[in-house]
Amino acid sequence: MKKWLVAAVAAVLLPLSAFANNYEEGKHYEVISEQKTAKPEVKEYFSFYCGGCYAFEPIAQSLSKNLPAGTEFKKSHVDFIRAASPEVQNAIARAYVSAKNLGKGDEMATAIFNQIHKSRVPFRAEDDVRSLALINDIDAEAFDKAMRSFPVRGAVGQMAREQEQLSESRVLTGVPMLVVNGKYKINNQNLDQRNLQTDMQNLIEFLLKKD
């Protein structure tokens, strides 16, 4: 009975191991930096105004909850999709970071995506973004303080600098884009589109272990 159980487990694990070993540099991922980040991370470059990012958001949230212990999932908003003014896009990015710092990042991201792509209600000013946060049970005083804070403004400024650097180096050519440990860019189009989440999860775990 024990031998049968071991054989059954091996039969399940073998395809996954073989699958992981088939990931190829230049096809499934690209090396974009010589150095890795100090701590393990997966970073998604995205835009709230990107339809593909809206469709990908449930996968992104699921991936973030299933990473190995000690690995952080980060989201970096880009503003090169000119569907709103730079001021509004900056406010949206600060609202997301503020909500994340208050433990409501996923809820705020979903609400922003839904307002833009599902309800099709445009954000015309920062007050519109604030109203959405309050509707989603984020404390008004804490949110207002976070939106004005140096750490939040600094984080959004860092997003802009990364966007500029990656765009100039032609690494950031579209979104959503996932980068593992600051070194490996995932080529979404070459993954199994029928089982995208599973394939991407396996590839992320493979890349997190690479030097």
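The values are calculated or read from the model by the stated rules, or taken from the named source; none is laboratory data. Owing to the predicted nature of the structure, the values given are computational and were not obtained by experimental measurement. Here the Cβ positions follow ideal geometry from the backbone for every residue, glycine too, while neighbour counts run over all protein chains shown. We work out accessible area using only protein heavy atoms, side chains counted, and drop any ligands, DNA or RNA first. Shrake-Rupley method; radii C 1.70, N 1.55, O 1.52, S 1.80 Å.
Stretched out straight at 0.36 nm per residue, the stretch from ARG170 to GLU25 would grow longer than its current Cα-Cα span by 50.5 nm. Fully extending the segment from LYS210 to ARG153 would add 17.2 nm, taking 0.36 nm per residue of separation and subtracting the current Cα-Cα distance. Applying the criteria of a DSSP loop state and at most 15 other Cβ atoms within 10 Å to the trypsin sites (Lys or Arg not before Pro) of the stretch 69-120 yields ARG82, ARG120.
Summing Lys and Arg as +1 and Asp and Glu as -1 over all other residues whose Cβ lies under 12 Å from the Cβ of ALA146 gives a net charge of +4. Taking Cα atoms only, the orientation of helix 150-168 departs from the longest principal axis of the chain by about 60 degrees.
Within the chain, antiparallel bridges make up roughly 55 percent of the DSSP beta bridges whose residues both belong there. Over all distinct Cα-Cα pairs of the stretch 127-211, the Kirkwood formula returns a hydrodynamic radius of 16.0 Å. A 1.4 Å probe run over the protein chains yields, for the chain, 56 Å² of accessible area per residue, whole-number rounding. Among VAL180, VAL121, VAL88, the largest mean-square fluctuation in a Gaussian network model of the chain (Cα springs under 10 Å) belongs to VAL121.
Summarise the accessible area of the stretch 47-107 (1.4 Å probe, protein heavy atoms) by the percent that is carbon and sulfur. Result for the stretch 47-107: 53 percent of the exposed heavy-atom area is carbon or sulfur. For the chain, relative contact order (Cα pairs under 8 Å, six or more residues apart, normalised by length) works out to 34 percent. Its alpha carbons considered, the chain gives a radius of gyration followed by a Dmax of 19.1, 66 Å. Between helix 86-101 and the chain there is an angle of about 60 degrees, using the helix long axis and the longest principal axis of the Cα atoms.
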